[in-house]
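Structure first, commentary second.
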Amino acid sequence: MAVVPPNQPLLSLRPSGGGWKLFTERVARFFSFACAILSVVTTFGIIWVLLSQSVPFFKNVSPIDFLTGTEWRPTREPASFGVLPLITGTLMITIGAGLVAVPLGLLTAIFMSEYAPKWMRQILKPTLELLAGIPTVVYGYFGLFFVTPLLKPLLPGIKSSNALAGAIVVGIMILPLVSSLCEDALNAVPKAMREAAYGLGATKMEVVTKTVVPAALSGVMAAFILALSRALGETMAVALAAGSNPQLTFNPTESIQTMTAYIVSTAKGDAPYGTIKYDSLFAVGVTLFSFTLVMNIFATRLVKKFRQAYA
Amino acid sequence: MIANGPSPTPSFSASTDPALLRRRKRTDAIFRGLCFAAAATGVLILIIFLSKIVIDGLPRLSWSFLTSELSGRPNRTGIWPAVVGSLWIMGLTAALAVPVGVAAAVYLEEFNTRKTGLTEFIQLNISNLSGVPSIVYGLLGLAVFSRFMNLQDSVIAGALTMGLLVLPMVIIVTQEALRAVPNSYREGSLALGSTRWQAIRFQVLPAALPGIMTGVILAMSRAVGETAPLIAIGAASQVSAPRGLRDEFTVLPIQVFDWSLNSKQAFHQTAASAILVLMAFLLLLNSVAIWLRARATK
């Protein structure tokens, strides 16, 4: 007689058919459990790979030099591995993308949830979904061959790949994410709150800016952070549009390199196994991963808080 | 967040002063216009983007471009190896990620009905995984599949890497599809004496299938458009199409990337043509997804 574990109350009736049925049940349960665990294994795999593979790198370059060095010259003799230029490059793209996507995305979300008639929403939603579905490498192409030529007359001396074009295209790329997450947050605000504000004689704008958005604030903030973390990890668009020239600058017309673009361009060129260049991929990877992890945890916390407010 | 506390001055006063009222109405109209302009910007950008690639890419697009091998000469090169590579990667990724992802979702939604600490941990872990940058998956693939398992930059190494990348997405969409199946299906089946697995296999999964398929297709279109992890494991332009799992390969987005950075100007047009092929492919996938969704909601 097969023993049914006590934690399966629905099975305690012991369906007829006996052994075979219980056997398949067990197999299915075990297999699906193993698959669910695989996602956990992946996480630990990522962390383990990033840490263990960057150990050889940090044997050669002290972590302090890595984190405080202002020059990233992996190919020059002597090579210099200061990650700050890659970090400033990444931050410039992330902040620039935020400046594009946050106001546009929030206003779009407000329009969709508060103003737009149904037929307009039916046009806007698929359009934004389409924009979200465009592969990131295509955004890079636009940055390189559309945005930069557009900027050239306005900013003479702009490099053919530059941080500004990179930030703009990444901003457009994360726009659908910002607007759809913000819209969800705005829609979750109870109708009664809007009605109360209207009842006090507020105009639509006053209802939106003084009641709805403040009420949805943690959800809106979570949307911003999630979108910014996407911008931070974006690779192909910046590798094309923003360049591959690591330098410590805050001039957006300069060609820069982000952490992600470094990994791509190094993997694309030759980084034979066992060289410090190969190891440096993982050192940069671990830095990038820590940045996005912190942002994602922060966003998850905010979402949880937001859910509790309207549970 | 809800209770803002008493503010010293009222945020909006329903004053009867006509000048103030006019000003408030004017700012309201401006704000409305601003919101509309923001929303219209998205549509406008999409139109500009699409027309830009059509203008750039259409002249080079031809049957021979689709079916020729790659070449160093921009007027001779084709895209066939990248098309085949993309199909290989998509098919294998689906074959690897879909069974695992659906099974994981079944465990989380169907088998483990009592939300224990472990399931909550798995769930949190999945949502965190979907936020990990794709290039980091590439590094994982480089270290584990390319080096440790010595698969180099083969099709199977690319598909394994891509499989891990889309796995969280497949799990999440399948969970949503399973949640949409009414509980009465499960209860009815169990009441007739089926095991939990039989209820899942014969009632829940068939009912959830259109939803799962839609999600899976969207996940696959992500895999087709994604480039960074494949470049990280070492994939680069290949002159001819892969014939087996251990062959080197290239995919459409890698070709777009390479040609965009090529010093020969004429290659920039072929990059746009490759984008057109890629977008047409994605459009096809998405139409299937939309069709499936429409059929399911009927």
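For segment B:80-134, what class follows from the C-alpha gyration tensor (a ≥ b ≥ c being the square roots of its eigenvalues): rounded when a/c is under 1.5, otherwise prolate if a/b is larger than b/c, else oblate? Numbers along the way, then the final one.
On the way: a/c = 6.68, a/b = 2.17, b/c = 3.08.
Since a/c reaches 1.5 but b/c is at least a/b, the shape of segment B:80-134 is classed as oblate.
Above 23 Å lies some portion of the pair distances; for chain A, what is it as a whole percent of all C-alpha pairs?
67
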task = Name the most mobile residue of A:L293, A:L226, A:L186, meaning the one with the largest mean-square fluctuation, in a Gaussian network model of chain A with Cα contacts below 10 Å.
result = A:L293
request  = State whether segment B:18-60 is rounded, prolate or oblate according to the following rule on the C-alpha gyration tensor (a ≥ b ≥ c being the square roots of its eigenvalues): a/c under 1.5 gives rounded; otherwise a/b larger than b/c gives prolate, and the remaining case gives oblate.
outcome  = prolate
request  = Note the per residue figure in Å³ for the convex hull of the C-alpha positions in segment B:40-106.
outcome  = 143
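In what sequence do B:K52, A:K204 fall when counting other Cβ within 10 Å, fewest first?
Placing the least packed residue first, the sequence is B:K52, A:K204.
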message = Given a 10 angstrom Cα cut-off, can you work out which residue in B:F65, B:F267, B:F202 is the most mobile in a GNM of chain B?
response = B:F202
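Using the Cα centre as the reference, give the magnitude of the dipole from point charges on the C-beta atoms of segment B:18-60 (Lys, Arg: +1; Asp, Glu: -1; all else neutral), rounded to the nearest 20 debye. Write out the running numbers ahead of the final one.
Details: 8 positive and 2 negative charges, 83 e Å.
Roughly 400 debye for segment B:18-60.
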Neighbouring partner chain Cβ atoms per residue of B:99-108, average, 10 Å criterion = 6
message = Using a Förster radius of 30 Å, what is the FRET efficiency between B:S184 and A:R26 based on their Cβ-Cβ separation? Nearest 0.05, please.
response = 0.70
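Could you list the square roots of 5 times each eigenvalue of the Cα gyration tensor of segment A:123-231, that is, the equivalent ellipsoid semi-axes, sorted largest first and rounded to whole Å? Let's see the in-between values first.
Working: eigenvalues 257, 49, 29 Å².
Calculated on Cα positions only, the semi-axes equal 36, 16, 12 Å.
Can you order the peptides A:133-146, A:55-68 by their average number of other Cβ atoms within 10 Å per residue, highest first? Intermediate values should be presented prior to the final figure.
Details: A:133-146: 24.9, A:55-68: 14.4.
In decreasing order of mean packing, A:133-146, A:55-68 become A:133-146, A:55-68.
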request  = Rank A:V286, A:P153, A:P78 by how far each Cα sits towards the positive end of the charge dipole of chain A (+1 on Lys, Arg Cβ; -1 on Asp, Glu Cβ) and give me just the farthest.
outcome  = A:V286
Given charges at Cβ of Lys, Arg, Asp, Glu: the protein assembly as shown dipole, positive-most of A:A215, A:G201, B:I122 = A:G201
ask   = Which pairs in the list A:K159/B:K264; A:K125/A:K305; A:K118/B:K52; A:K152/A:K268; A:K204/A:K304; A:K152/A:K277 are over 24 Å apart, alpha-carbon to alpha-carbon?
value = A:K125/A:K305; A:K118/B:K52; A:K152/A:K268; A:K204/A:K304; A:K152/A:K277
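Taking a ≥ b ≥ c as the square roots of the eigenvalues of the Cα gyration tensor of chain B, is the shape rounded (a/c under 1.5), prolate (a/b larger than b/c) or oblate? Spell out each step's value before the answer.
Working: a/c = 2.09, a/b = 1.15, b/c = 1.82.
Since a/c reaches 1.5 but b/c is at least a/b, the shape of chain B is classed as oblate.
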inquiry  = Below 8 Å between Cα atoms, with a sequence gap of 6+, how large is the relative contact order for segment B:66-297 in percent?
reply    = 29
request  = Could you work out the mean projected area of the convex hull around the alpha carbons of segment B:214-298, in square nanometres to one decimal?
outcome  = 6.7
key: Among B:G215, A:S54, B:T250 the positive-end extreme of the charge dipole of the protein assembly as shown (Cβ point charges)   = B:G215
note = Per-residue average of other protein chain Cβ atoms inside 10 Å, peptide A:222-230 -> 1
request  = Could you size up the charge dipole of chain B around its Cα centre, putting +1 on the beta carbon of Lys and Arg and -1 on that of Asp and Glu, and report it in debye to the nearest 20?
outcome  = 800
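Per residue, how big is the convex hull around the C-alpha atoms of the protein assembly as shown? Give it to me in cubic angstrom, could you? Each step should come with its number before you reach the end.
Details: hull volume 120.1 nm³, N = 609.
So the per-residue hull volume is 197 Å³.
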Peptide B:224-237 - average C-beta neighbours from other chains (10 Å radius) = 5
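Based on DSSP H assignment, which helices of chain B show an axial Cα extent of at least 30 Å together with a mean Kyte-Doolittle hydropathy greater than or equal to -0.5?
Membrane-span-like by this criterion, though nothing is claimed about a membrane: B:18-57, B:80-106, B:155-179, B:266-297.
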inquiry  = Given points 7 Å out from each Cα along the Cα-Cβ axis, report the B:L284 to B:A95 separation in nanometres with one decimal.
reply    = 1.9
ask   = Which whole-angstrom value gives the distance between the alpha carbon centres of segment B:92-128 and segment A:18-43?
value = 11
message = Between A:F30, A:F282, A:F224, where does the largest GNM mean-square fluctuation fall for chain A, given springs only between Cα atoms within less than 10 Å?
response = A:F30
message = Given Cβ point charges of +1 (Lys, Arg) and -1 (Asp, Glu) and nothing else, what value in debye, to the nearest 20, does the dipole of segment B:72-210 about its Cα centre take?
response = 220
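With all pairs of different alpha carbon atoms counted, what Kirkwood hydrodynamic radius in Å does segment B:21-144 show?
This gives a value of 20.8 Å.
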note = Between A:R301 and A:R121, Cβ-based FRET efficiency (R0 25 Å, step 0.05) works out to 0.25
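Using DSSP H assignments, which helices in chain A have an axial alpha-carbon span of 18 Å or above and a mean Kyte-Doolittle hydropathy of 1.6 or higher? Present the calculation step by step, with values, prior to reporting the outcome.
On the way: long enough: A:19-60 (60 Å, 0.96); A:84-110 (37 Å, 1.95); A:118-133 (23 Å, 0.03); A:163-187 (35 Å, 1.69); A:217-233 (24 Å, 1.70); A:276-309 (50 Å, 0.76).
Qualifying helices: A:84-110, A:163-187, A:217-233.
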For chain A, calculated [θ]222 nm from helices alone, where every DSSP H run of n ≥ 4 adds -39500 (n - 2.57) = -22000 deg cm²/dmol
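Quick note: the coordinates plus some simple rules give every number you see, no bench work behind them. Being a predicted model, the structure only gives us computed values, none of them experimental. Because the Cβ atoms are built from the backbone with ideal geometry, glycine has one as well, and the counts that use them run over all protein chains shown.
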